[in-house]
1. Given H placed 1.01 Å from N in the peptide plane, which residues other than close sequence neighbours of residue 51 have an amide H under 5 Å from its amide H?
2. Picking from 69, 121, 140, which is most flexible by a Gaussian network model of the chain using Cα springs under 10 Å?
3. Need one number: % antiparallel among DSSP beta bridges in the chain, to the nearest 5.
4. Greater than 30 Å separation of Cα atoms is the criterion. Which listed pairs, 89/203; 21/185; 89/163; 89/110; 163/203, meet it?
5. Let me spell out the model: positive unit charges on the Cβ of Lys and Arg, negative unit charges on the Cβ of Asp and Glu, origin at the Cα centre of the chain. What dipole size does that give, in debye rounded to 20?
6. Rg and Dmax of region 108-197, using alpha carbons, in Å: what are they?
7. Which value, in debye to the nearest 20, gives the size of the charge dipole of region 1-97 about its Cα centre, when Lys and Arg are +1 and Asp and Glu are -1 at the Cβ?
8. From the phi angles alone, apply the Karplus equation (6.51, -1.76, 1.60; θ = phi - 60°) to region 96-106 and give each ³J(HN,Hα) in whole Hz, x where the residue is Gly or Pro.
Amino acid sequence: VLREGGAWFANQGVPNSGGTKCFSVSGHVNQPGNFEIPLGTPFSKLLALAGGVRNGHQLKAVIPGGCSMPVLPGEVMLATRMDYDSIAKAGSMLGSGAVIVMDETTCMVKALERLSRFYHMESCGQCTPCREGTGWLHRMIQRIIAGRGVQGDLEKLDDVASKIEGRTICAFGDAAAWPVRSFIKYFRDEFQYYIDNKQSLIKS
Ligand code: SF4
């Protein structure tokens, strides 16, 4: 940038998303790592740089910007470019650039339990919606996994998350709510199956 100038750097990307961004690709890929690419690069190209989905498996879902960002189905990501406007249009955000790739062996209920545990444990407790709500979310998902889910749990999860979102002092509250709402939005059948059958739809 010092040698070529700001305009040169901005031209590496696309309008509204100038320059490059480092993406840390993790999860079910052959070669996890950090990749600096021009903003606006197709997600499929970033996935290829990371060696593609691990051998013999299919892309199921991607969290494109760190675990607090909404998850997106794999087919949506494959049609999307890695820039701020494109990801927003697809329904998520680039956030930190931490791209988490999940293949078809991933149980989305268990994946969400792992995320919700993090937010429950890390809430500083200063504001009530986050302090109490993250615990509610985590315990409800734990209960579903334990085979004690009941009809109405998904509506209640979404309702609790919606009452955290936008009602806290810092962005941690939103970060706790968005994964819950997006996992249920896109993978509702998997959650409903777990409640109805007291076991995961994903056999592993
Ligand atoms: S939203 Fe932020 S300030 Fe409020 S309890 Fe959660 S972590 Fe603390």
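Derivation of every value follows stated rules applied to the coordinates shown; laboratory data play no part. The shown structure was predicted, so the numbers you read here are calculated from the model rather than taken from an experiment. Counting neighbours? That spans all protein chains shown, and the Cβs are built from the backbone with ideal geometry, glycine included.
1. HN-HN under 5 Å from residue 51: 31.
2. 121
3. Counting only bridges with both partners in the chain, antiparallel ones make up about 75 percent.
4. 89/203; 163/203
5. The calculation lands at about 340 debye.
6. 12.1, 39
7. Computed about the Cα centre, the dipole is about 160 debye.
8. 7, x, 7, 9, 9, 9, 10, 9, 5, 7, 7
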